[in-house]
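The values are calculated or read from the model by the stated rules, or taken from the named source; none is laboratory data. The structure displayed is predicted, hence computed values, not measured ones. Positions of Cβ are generated from backbone atoms using ideal geometry, with glycine treated the same way; all protein chains shown enter the neighbour counts.
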Amino acid sequence: MRFQTAQGQIDRSRTETRRSNPQKDATSGGIQTMKSPRSSRISAGFLLAVTLLFPFPVFASGDKESAAKGDDKAKVEEVKFARIKLSGAMDEGLAPTVPFGPTPRNFRGVLGLIEKAGNDPDLAGVILEVNGPAVGFAKVLELNRELRRVKKKGKKLYVHAEGLDGITLMLGSMAHRVSIPESGWVLMPGLSAETMYFRELFDILGIRFDVTHVGAFKSAYENFAKEEMSDELRTVLGSILDEYWSTMVGLIADGRGIPRSAVEKAINDGFQTARDAKRIGLVDAVEYEDEFKSWLKDQHPGKKIKVLSKYGDANEAELNLDNPFAVFTQIAQMMNSTNKKTKSKDPKIALVYAVGQIATGKSQIDPFSGQSSVMGSDTMVAALRKATDDDTVKAIVMRVDSPGGSGLASDLIWREVIRAKKKGKPVIVSMSDVAGSGGYYIAMAADTIVAEPTTLTGSIGVVSMFLDFSRVVQRLGVNIETIRRGRSAGLFSPYTRKDADVKRRFAGLMQDFYKDFVTKVADGRGRAYDEMERVARGRVWTGRQAKDIGLVDELGGLDRAMAIAREKAGLSDDVEVLELPEPRNFLEVMSEMFGGGLISLGSSPFSDSGAAVLAALPKEAHVLMATDQGREVIKTLSTMLKVASTEQDRVLLMVPFNIIVE
């Protein structure tokens with residue numbers, strides 16, 4: 001597991017599980033896997049492929065005679081298990097409809113799927129498949145709680161994997177049976193915080209990032225302006241590592257029923273063989289997949305085991321195969337479809353997703369992965385106004401997962417929260433993995449703020465920068481002549497070095513923004529300015545720490561925030577939920593992407609403006625940029641260049657690092 005520093009969504013509808021007539025797998029030891037039925041329901045990706053490759057009518061046939069004979073046979077009692085996969089980013093927001101396959105579930109959708117399995121009387125249990133989920137500690141805690149509820153409801157919970165790591169054990173440690181094959185390892189190298197400092201490297205090119213911070217602990221982008229980590233950032237990272245270490249060890253020890261000391265020793269050792277892991281108690285059995293299936297079958301003698309590999313999946317399109325032109329109509333519908341629901345007049349709660357780096361303009365999303373990249377103020381303001389002005393919406397829950405961003409955009413979103421409260425609607429904030437700086441700014445006016453113990457929050461401070469290319473220009477033999485009117489003309493030009501007076505005046509503007517930030521925190525939290533300023537100063541806190549100092553009201557997840565909203569609005573547990581912003585259709589997202597909305601989706605590590613600068617560095621530097629952390633640096637550098645070339649979003653409210661759990 002690696003803690004890396006860098007600069008920088010659940011449809012709970014009770015969808016019916018699709019059933020089919022599975023064919024027996026001869027190698028499964030009697031265990032059958034349920035797949036999509038061969039019928040008039042055809043997946044979007046298959047539909048598109050058929051259209052492109054075979055532009056003529058498609059006909060389907062079924063062996064009705066065989067099916068009839070099968071019905072005459074004596075039915076064997078079935079024991080069903082849902083296979084639930086936890087993988088990928090599990091973004092908070094609603095993804096657009098994807099025409100090339102199933103629309104990705106957001107994080108609330110994943111939680112809802114687990115809840116559905118726990119409440120399903122047809123299921124005996126869940127087989128959990130954890131495959132590299134890119135989630136932080138806060139999401140891990142929420143998933144862990146939901147899985148524990150499945151177990152408490154009498155369902156069996158199993159984990160079989162080729163190998164285990166820290167995040168898999170944190171998620172599945174409470175399972176009735178955890179197993180890996182003889183050749184599998186348990187890899188838990190612990191936690192570390194590392195970042196690259198580039199001051200000397202950019203000096204080679206003659207590029208200088210003149211970064212200004214307001215708040216002693218504000219350290220966003222310091223790795224581009226300094227040669228080594230500041231003492232303040234070192235202190236903050238150490239504090240967060242302590243909280244995360246305690247969480248990781250506690251979850252695994254409690255779930256496995258072994259002493260904390262045993263878990264700590266296993267982490268300190270870094271890795272365990274399968275047999276050592278069994279001896280310690282990290283796993284229950286050393287077995288291959290076929291042996292796990294045989295064991296599962298032995299637990300239910302005389303019964304047929306069915307594993308529902310696509311449990312809860314309803315992402316298929318209906319197609320009339322009798323109409324040869326229906327395929328074209330279907331594609332057009334899919335490309336333009338969204339998940340919008342018909343508005344009802346019933347009382348409801350609005351769940352507003354605030355996800356991604358904050359910027360002015362529209363929100364941006366990757367149309368293929370469904371992952372949010374930018375939280376646009378225009379999109380968020382429209383969503384909050386829709387919830388505020390809708391008389392059927394009785395309360396608003398805002399789910400925040402953001403490291404911050406533009407100070408202006410953050411303030412515009414904050415204002416809509418104030419407007420909702422003035423109209424008498426309770427506003428509850430649920431913080432996910434991170435709600436820092438601008439992410440905290442948009443949350444601070446809420447009636448109640450709920451965070452996980454491991455949520456990164458706070459970072460109440462301001463950062464801005466001037467980009468200085470003057471040395472590069474001089475080195476290239478380029479002479480830039482400028483004619484100005486006004487003392488501040490050319491203030492944001494990257495080709496002129498800023499004098500002390502300019503820096504002083506701009507620092508004064510940032511100080512004013514910082515004071516306004518802290519004042520709004522104090523007003524929102526009902527505390528004195530001096531009290532809030534002492535816990536501000538750009539410092540990042542964990543959710544547990546933030547509760548102790550008054551920045552957060554309660555510890556918990558999205559379910560707790562929804563419960564508080566229902567209580568404040570006097571609504572029942574089964575109240576309707578309106579999810580906002582509504583997902584855009586695929587064509588809209590693609591249009592924005594190719595119109596310049598997304599920075600880049602190219603595969604080349606040097607495909608954007610930030611990478612272009614790095615490409616000019618010595619070839620040895622390219623090796624560093626090929627690493628995961630290097631790619632994060634490229635993304636950050638692109639953001640910095642964009643900020644340095646704009647005036648509107650120049651004042652930033654950013655968390656100085658993010659977390660990657662491996």
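Annotations for the structure displayed:
- Matching residues, the range 147-158, being surrounded by fewer than 20 Cβ atoms within 10 Å (Cβ to Cβ) and either polar (S, T, N, Q) or over 19 Å from Ser179 (Cα atoms) (or both): Arg149, Lys152, Lys153, Gly154
- Test: residue in the range 50-60 that is at negative phi and modelled with pLDDT of 95 or more: no
- Residue check for Tyr495: assigned to a helix (DSSP H, G or I), out of contact with any Pro (no Cβ under 8 Å at 6 or more places or on another chain) and among the hydroxyl-bearing types (Ser, Thr, Tyr): no
- There is no residue in the range 406-416 that is among the acidic types (Asp, Glu) and over 20 Å from Ala359 (Cα atoms).
- Only one entry in Gly250, Gly215 is in contact with a Lys or Arg (Cβ under 9 Å, 6 or more places away or on another chain) and either buried (at least 21 other Cβ atoms within 10 Å of the Cβ) or among the aromatic types (Phe, Trp, Tyr) (or both), namely Gly215.
- Any hit, the range 133-146, residues being more than 21 Å from the chain's Cα centre (by Cα) and of a type outside the set (Gly, Ala, Ser): no
- Residue within the range 578-594 that is in contact with a helix residue (DSSP H, G or I) (Cβ under 6 Å, 6 or more places away or on another chain), closer than 23 Å to Val450 by Cβ, at pLDDT 85 or above and not in a helix (DSSP H, G or I) present: yes
- Residue pairs meeting the criteria (Cβ under 9 Å; at least 6 apart or on separate chains; first assigned by TED's automatic domain parsing to the domain that holds Arg537, in the range 487-516; second surrounded by fewer than 12 Cβ atoms within 10 Å (Cβ to Cβ) and of a type in the set (Gly, Ala, Ser)): Val502/Ser488; Arg505/Ser488
- Some residue of the range 288-308 being under 14 Å from Tyr158 (Cα atoms), of a type in the set (Asp, Glu) and within 33 Å of the chain's Cα centre (by Cα): yes
- Per the listing Ala82, Ala161, Ala117, Ala138, the residue uniquely in contact with a Ser or Thr (Cβ under 6 Å, 6 or more places away or on another chain), surrounded by 20 or more Cβ atoms within 10 Å (Cβ to Cβ) and small (Gly, Ala, Ser) is Ala138.
- Counting only residues that are basic (Lys, Arg) and touching a strand residue (DSSP E or B) at 6+ places or on another chain (Cβ under 9 Å), the range 149-187 holds 4 of them.
- Scan the range 132-167 for residues that are outside any loop (DSSP other than H, G, I, E, B) and farther than 18 Å from Tyr288 by Cβ and the total you get is 23.
- Some residue of the range 598-608 being charged (D, E, K, R), modelled with pLDDT under 70, under 21 Å from Val352 (Cβ atoms) and touching a Lys or Arg at 6+ places or on another chain (Cβ under 9 Å): no
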